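Please read the structure below before turning to the comments.
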Amino acid sequence: MAKSITRNMKILILGSGGREHALAWKIAQSPLVDEVYSAPGNPGMDKLGPCFDLDITDLKAVQELALQLHPDLIIIGPEAPLAAGASDALRARGFDVFGPSQQAAQLESSKGFAKDLMQKYGVPTAAYGRFSDLTEALDFLETMEAPYVIKADGLAAGKGVVIAETLEDAENTVEEMMTGKFGDASAEIVIEEFMEGEEASIFVMTDGEGAIYLPVAQDHKRVGDGDTGPNTGGMGAYAPASVVNARTLELVQTTIVEPMLSGMAEDEMPYQGVLYVGIMVTEAGPKVVEFNARFGDPECQVLMAGLPGDIVPALLVCATGGLTTAHSELCDMMGLSDFRPSAVVVMAANGYPGTAEKGTVIRGLEIAEAIEGVMVFQAGTDVNEKNELIAAGGRVLGVTATGNDLKAAIANAYKGVAAIDWPGGFYRKDIGHRILK
Ligand code: AMP
Ligand code: GLY
């Protein structure tokens, strides 16, 4: 292996969501790891190792923490520090980092950048136009057919995509976005063709050259049962998702992932970390809906729960290079071929995805976690002065479970949910409905 895997490792995770709690939980089980540090972390991560309160988009503060802790590997969980250039800042100080450079992370932080690269490398995606001029954008709309897909170019906390049914709604959306709805993030927009099909999330761990494909996951983005109501960050997920069959996966590899990785390497912006490929499985094959520069949340929770082996060697090799040579050994260490079916049900605070109610007390986590195969990953949680766990964000808990098959995994996750006593929260009751049918 390019970099020999050492023992007694110290690993620092940046982030404070369910995704980062799941990563910390998985990493803490590795026999190679002595310490898991989190910044800023959450009450769940605090049980696994020390947490450091920090603004993780403040590059100087992140560098200082790393210089103080000297971790053997730093994992960047969310998009904001990636877009701010945290990987580059840490690599510049000699640290090994799992997470793409600021330039490569533009795949997520600029939809226009991602579309232009896909076009350049011939990757299948919806036809599009990219605009910073309102009149040109409105003229382009006239050439498209309903429904209209309008996207803010920059990061807009998952709210920057509007699907408008009529030309009038589309025109209003374009005007709103380009006149400051999301500030700079929507000064430029992308208008694209609507794609018909079922969505899936593909996660590829890469050192910029080699690629490990994790089991395909499916997220549930809408807030309400039956996929109704506004979009959220994700209300539940499961893996493996059968919507992507072997033939589709092969097309994802050959027409999407391989051209993106080799194109970006040739263009001197190699992509290192995890590439999240959001695809639409259309009649014409898989097409890219979006790229993200990080693990999905809550998809990460099911991937970590279902992997029986050690993910640390693969994370380290992605950060340092040599994945092509070590590929099969790393997949074996991770236990990829023995992946356990898993599901997560997100519990959110009342009001989410609008203004979420904060401060309500949550009980019963220990009861849920005592159920065979159930893990509760924390996201927007805090503790009050009485040391009780309280809600402090929109998505609060990710009740995650494995099972012998997906049906059992989903049933176990709901057993965990039933054990939690939290009148201030709600959850979807139909996670996995597409496969349970
Ligand atoms: P994005 O943030 O780009 O993933 O978009 C959010 C959601 O909007 C996606 O998960 C899809 O459900 C939907 N969406 C985005 N682009 C398209 C498209 N071109 N056709 C159909 N649905 C889309
Ligand atoms: N679950 C969707 C995302 O992480 O973007």
| Pairs of alpha carbons in the range 175-278 whose separation is greater than 22 Å (percent) | 50 percent
| Taking the Cβ-Cβ separation of residue 60 and residue 350 as r and a Förster radius of 35 Å, what is the calculated FRET efficiency to the nearest 0.05? | 0.40
| task | Grab the Cα-Cα distance for residue 136 and residue 384, subtract it from 0.36 nm times how many residues apart they are, and report the gain in nm with one decimal. | result | 84.1 nm
| task | With θ set to phi - 60°, apply the Karplus curve 6.51 cos²θ - 1.76 cosθ + 1.60 along the range 148-158 and write out the HN-Hα couplings as whole Hz, x wherever there is a Gly or Pro. | result | 9, 9, 10, 10, 5, 5, x, 6, 9, 6, x
| Residue pairs, from the table 10/60; 159/358; 287/437; 60/159; 221/437; 47/111, whose Cα atoms sit over 27 Å apart | 60/159; 47/111
| remark: For the range 59-71, Karplus-derived ³J(HN,Hα) couplings (6.51, -1.76, 1.60; θ = phi - 60°; whole Hz; x for glycine and proline) come out as 4, 5, 5, 5, 4, 4, 4, 4, 5, 6, 8, 6, x
| field | Sites residue 5 and residue 328 - FRET efficiency at Förster radius 22 Å, r taken between beta-carbons, to 0.05 | value | 0.90
| request: Kindly report the accessible area of the range 1-151 per residue (heavy atoms of protein chains, probe 1.4 Å, no ligands, DNA or RNA), in Å². | output: 41 Å²
| field | FRET efficiency, residue 231 to residue 47 (Cβ-Cβ, R0 35 Å, nearest 0.05) | value | 0.65
| Accessible-area value, residue 171, 1.4 Å probe, nucleic acids and ligands omitted, Å² | 60 Å²
| For the range 164-177, in order, what is each residue's ³J(HN,Hα) by Karplus, 6.51 cos²θ - 1.76 cosθ + 1.60 with θ = phi - 60°, in whole Hz (x at glycine and Pro)? | 9, 7, 10, 4, 4, 4, 5, 4, 4, 4, 4, 5, 4, 5
| task | Using a 1.4 angstrom probe, figure out how much accessible area the range 253-395 has per residue, in square angstrom, rounded to the nearest whole. | result | 37 Å²
| request: Assign unit charges at the C-beta atoms only (+1 for Lys and Arg, -1 for Asp and Glu), then state the dipole size of the range 1-48 relative to its Cα centre in Debye, rounded to the nearest 20. | output: 160 debye
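Sorting 437, 111, 47, 407 by accessible area (1.4 Å probe), largest first, what list results?
Values: 437 195, 111 45, 47 170, 407 145 Å².
Highest to lowest solvent-accessible surface, that is 437, 47, 407, 111.
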| query | Carbon-plus-sulfur fraction of the accessible area of the chain, 1.4 Å probe, in percent? | reply | 48 percent
| task | Starting from the Cα gyration tensor of the chain, multiply each eigenvalue by 5, take the square root, and state the resulting semi-axes largest first in whole Å. | result | 31, 27, 22
| task | For the range 357-437, give the magnitude of the charge dipole about the Cα centre (Cβ charges: +1 Lys/Arg, -1 Asp/Glu; no others), in debye to the nearest 20. | result | 460 debye
| field | Extension gain (nm, one decimal) between residue 407 and residue 421, 0.36 nm per residue minus Cα-Cα | value | 2.7 nm
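The values are calculated or read from the model by the stated rules, or taken from the named source; none is laboratory data. Given the structure is predicted, the values throughout are model-derived calculations rather than measurements. FYI the Cβ positions are ideal-geometry reconstructions off the backbone, even for glycines, and counts take in every protein chain you see. For the accessible areas, the whole protein counts, side chains as well, though only heavy atoms, and no ligand, DNA or RNA atoms are used. Shrake-Rupley method; radii C 1.70, N 1.55, O 1.52, S 1.80 Å.
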